Amino acid sequence: MPVVSIAREGNVAVVTIDNPPVNALSQAVRQGLLDAVTALDADPAVVAVVLQCAGRTFVAGADVSEFGKPPQEPHLPDVVSAIENTARPWIAAIHGSALGGGFELALACRFRLALADASVGLPEVTLGIVPGAGGTVRTIRLAGVEAAVDLVTTGKPVRAGRALELGLIDEVVDADLLEAAVALAKDLPNRTLPEPLPQRPAPVADDAFWTDAEARITKRARGEIAPLRALACLRRATESDFVTAMTFERATFLELRAGPQASALRHVFFAERAAPKPAALSGVPALPLRTAAVIGGGTMGAGIAAALRDAGLPVILIERDEAAVARGIANLSDIFAGAVKRGRLTDAAAEARIAGVAGSTDYAALADVDLVIEAVFEDLAVKRDVFAKLGRICRTDAILATNTSYLDPREIAEGLANPARFIGLHFFSPANVMKLLEIVPTPETGDATLASAFALARMLGKIPVRSGICEGFIGNRILKRYRAEAEALVRQGHAIASIDAAMRHYGFAMGPFEAQDLGGLDIAFLQREGARAAGRNVPETLGDTLVRAGRKGQKSGGGWYDYNVGDRRPLPSDEVARLLCLDPATAVEADLGSIADRLVGAMADEGATILSEGIAEKSSDIDLVEIHGYGFPRWRGGPMFQAASDH
Ligand code: NAD
């Protein structure tokens, strides 16, 4: 079967792209489309052409296997322009998604029809590039300046209904899409055709609009260049003729495509695609997960329960006593109320989420659940006691997971009958938002349990990374090293505020000290104190000195910085300087880039050790941990990617 075929419906030609799974615009598809234009232009019997796709979607984008390679002929802009300039009007019939090059293809057609649940968009910036086949130039002519700026610089797709409002499509179809498209094609002789886009005037915007948009996007992008370069393409589309704007867009596309940010974002794209389905587990069946329970309704337990509810699983929430059950349910209600406030959930949906949670103090309620996730206090004895009860009450094939951050899962599982079903599932806070899930099997964890943990991650829309057992697993172990290196810089005379500024400049939302002030310095302190009490040699950190002086972070009025009441802005602190014997007057002058390089270098160095110990399986997994759990800027590809690119 050719990837592009032509059929007839009377005097209408139907061109079908059939390139599973998502009809990506491979070289063969581009060539097939170009050949179809030539063949149909030469056929006087054809009055109009319908372009549709087989399978589950319209063209959902470029062919990922061509990513990062030199573009092959025919190039997409040439195919798009051939369709736009054909002697016959083409009509795009869109189902599923028309994204990136797929939407650019649709934009070349004279009409666009879409099913109500279809979506269209230009997500190129998420891969560090801009549309390269007229996406910016044509979108702004159809949708106007503001909508085009929003669409192209965020990369977020829109549903058919919204696309219709914006003028990006001409009609939303409820019934048979092909039938509607062919009917429109047959009716064309009775209609006035819209002018081709190149002949339509581009909208204009004044300088103030562009300056304002640039400031807004610069702030949001935190060093990512593609959104700003996309903005420049849109501006050019309003200020020069069609051909000049097209040339400008293509040149920007080619430049960015060959650049470091696009390369980093492709690396992350492929790492994310591979993560949910590790090759080692292919063919291992996952156990069905239909019902779940969470033990502990505190910060993590409530977040995990919310994530499970979002995925549609009924949840039993177990707490110590009735008052704690009520607090746990209240924590969950707060999470859903927050989602309603942000417009992510309707009131009715939030009610349904809560209605699917059964709070209890009685473990007997867990006799038939498929999965239990424990999120009680970080205390070995308490956790062991929980698992002893679970071992007695749950089905022998139920999966029993711990959300421990620092305890050894092997010790938690000790004494458990059937330890093959036990596993560590390390969620990140807030657990219903953060994408990362560290999956920590013990040597006794069975393959089916491991496969089920990955299946759970897919159900919850998480990015799973397998970690071996060590203190802090992958993420918190690197975090510890990162903080230690940041403290080392302070000891060497760097100003605390310069170190934070360096990491913000690098692309993090916050530097290491601001982040500790927000999260609280006491958690890591207590953990170190616990280790000291257990006889381990844990050197005193600068953070310990601050906590001992009562400086636990924002919640205690100050940590690494001082704060004015009701104001989260960090202010350099004389008390901190005194406690840590720092002399701000003699602070070391270092450029922000070299501070960031040193901290990222320390992360990568710890990552390399983690890899060599077999704690992580691939370096790209470490990058995913940092990006999805710790705010590492995605467009930098992660610390391991950075280290590899430096050589
Ligand atoms: P938390 O103190 O907010 O919540 C713990 C809850 O467990 C409390 O509501 C408590 O009443 C309940 N609980 C205690 N013993 C219980 C028992 N025997 N049966 C039922 N419920 C019991 O703590 P948290 O921050 O949610 O942390 C929970 C676990 O998650 C810890 O192991 C922690 O290390 C881990 N963790 C925390 C974070 C984080 O950022 N807070 C991130 C990842 C993992």
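The values are calculated or read from the model by the stated rules, or taken from the named source; none is laboratory data. Computed from a predicted structure; not experimentally measured. Methodologically, a virtual Cβ is constructed for each residue, glycine included, from the backbone with ideal geometry; neighbour enumeration extends over all protein chains shown. Areas reflect the complete protein model, heavy atoms only, side chains present, ligands, DNA and RNA absent. Shrake-Rupley method; radii C 1.70, N 1.55, O 1.52, S 1.80 Å.
3J(HN,Hα) along segment 287-303: 7, x, 10, 10, 9, 9, 9, 10, 9, x, x, x, 3, 6, x, 5, x Hz, from the Karplus curve 6.51 cos²θ - 1.76 cosθ + 1.60 with θ = phi - 60°, whole Hz, x for Gly and Pro.
A cut-off of 5 Å between modelled amide H atoms, ignoring neighbours fewer than 5 places along the same chain, links Ala98 with Ser119, Val120, Gly121.
DSSP assigns beta bridges within segment 4-258; of those with both partners inside it, close to 30 percent run antiparallel.
Taking all Cα pairs closer than 8 Å and separated by 6 or more residues, the relative contact order of segment 482-626 comes to 27 percent. Spatially, segment 194-217 and segment 541-583 are offset by 47 Å when compared through their Cα centroids. Modelled spin-label separation between Leu592 and Ala509, with each label point placed 7 Å from Cα along the Cα-to-Cβ direction: 1.8 nm. Once you order the gyration tensor axes a ≥ b ≥ c over the Cα atoms, which shape class does segment 199-257 get: rounded for a/c under 1.5, otherwise prolate or oblate by comparing a/b with b/c? Verdict is oblate for segment 199-257. Computed extension length for Lys435-Asn564: 43.1 nm, one decimal, from 0.36 nm per residue of separation with the Cα-Cα distance subtracted. Amide H contacts under 5 Å for Val50: Ala13, Val14, Val15, Ile91, restricted to partners 5 or more places along the chain or on a different chain, H placed in the peptide plane at 1.01 Å from N. Projecting the Cα atoms of Ala98, Leu113, Leu193 onto the charge dipole of segment 98-216 (Cβ charges, centred on the Cα centre) puts Leu193 farthest toward the positive pole.
Using a/c under 1.5 as the rounded threshold, could you call segment 475-614 rounded, prolate or oblate? The axes a ≥ b ≥ c are square roots of the C-alpha gyration tensor eigenvalues, and prolate needs a/b larger than b/c, oblate otherwise.
oblate
For the pair Ala349 and Leu407 in one chain, pulling the backbone fully straight at 0.36 nm per residue adds 17.2 nm over the alpha carbon distance. Per-residue Karplus couplings for segment 419-427, computed as 6.51 cos²θ - 1.76 cosθ + 1.60 with θ equal to phi - 60°, are listed in order as x, 4, 9, 9, 7, x, 10, 8, 7 Hz, Gly and Pro entered as x.
Scalar couplings 3J(HN,Hα) for segment 548-559, obtained by applying the Karplus form with A = 6.51, B = -1.76, C = 1.60 to θ = phi - 60°, are 4, 8, x, 9, 9, x, 4, 5, 9, x, x, x Hz; x denotes Gly and Pro. The charge dipole of segment 475-614, taken about its Cα centre with unit charges on the Cβ atoms of Lys, Arg (+1), Asp and Glu (-1) only, comes to about 460 debye. Which Cα, out of Gln554, Asn19, Ala326, lies furthest along the positive dipole direction of the chain (beta carbon charges, K/R +1, D/E -1)? Going by the charge dipole, the pick is Ala326.
For the chain, the dipole from Cβ point charges (+1 on Lys and Arg, -1 on Asp and Glu) about the Cα centre works out to 400 debye, to the nearest 20. Expressed as a whole percent, the accessible area of the chain that falls on carbon and sulfur atoms is 54 (1.4 Å probe). Working from label points 7 Å from Cα in the Cα-to-Cβ sense, the Gln492 to Thr38 distance is 6.3 nm. Scanning residues 5 or more positions from Ile463 or on other chains, those with amide H under 5 Å from its amide H are Leu436, Leu437, with H placed 1.01 Å from N in the peptide plane. Computed from Cα atoms, the angle from the helix 145-154 axis to the main principal axis of the chain rounds to 50 degrees.
For segment 557-591, the residues whose amide N sits under 11 Å from a probe point set 7 Å from the Cα of Thr545 along the beta carbon direction are 576-583. For segment 324-389, what's the relative contact order in percent, using C-alpha pairs closer than 8 Å and at least 6 residues apart? That works out to 26 percent. Of Phe422, Pro71, Val149, which is farthest on the positive side of the dipole of the chain, counting Cα position, with +1 on Lys and Arg Cβ, -1 on Asp and Glu Cβ, and the Cα centre as origin? Selected residue: Phe422. Please work out whether segment 342-489 counts as rounded, prolate or oblate from its C-alpha gyration tensor, where a ≥ b ≥ c are the square roots of the eigenvalues and a/c under 1.5 means rounded, while otherwise a/b larger than b/c means prolate and anything else oblate? Oblate, because a/c is 1.5 or more while a/b does not exceed b/c. Angle check, please: helix 522-533 long axis (alpha carbons) against the longest principal axis of the chain (alpha carbons), in degrees 0 to 90, nearest 10. Helix 522-533 sits at roughly 40 degrees to that axis. Of the trypsin sites (Lys or Arg not before Pro) found in segment 288-367, the ones in coil according to DSSP and having at most 13 other Cβ atoms within 10 Å of their Cβ are Arg290, Arg342, Arg344. Net charge dipole, segment 258-348: roughly 400 debye, given to the nearest 20, about the Cα centre with Cβ charges of +1 for Lys and Arg and -1 for Asp and Glu. Taking every DSSP bridge with both residues inside the chain, close to 25 percent are antiparallel. Maximal additional length on extending the Glu529-Ala215 stretch stands at 108.5 nm, based on 0.36 nm per residue less the C-alpha distance.
Against the main long axis of the alpha-carbon atoms of the chain, helix 226-239 sits at an angle near 30°.
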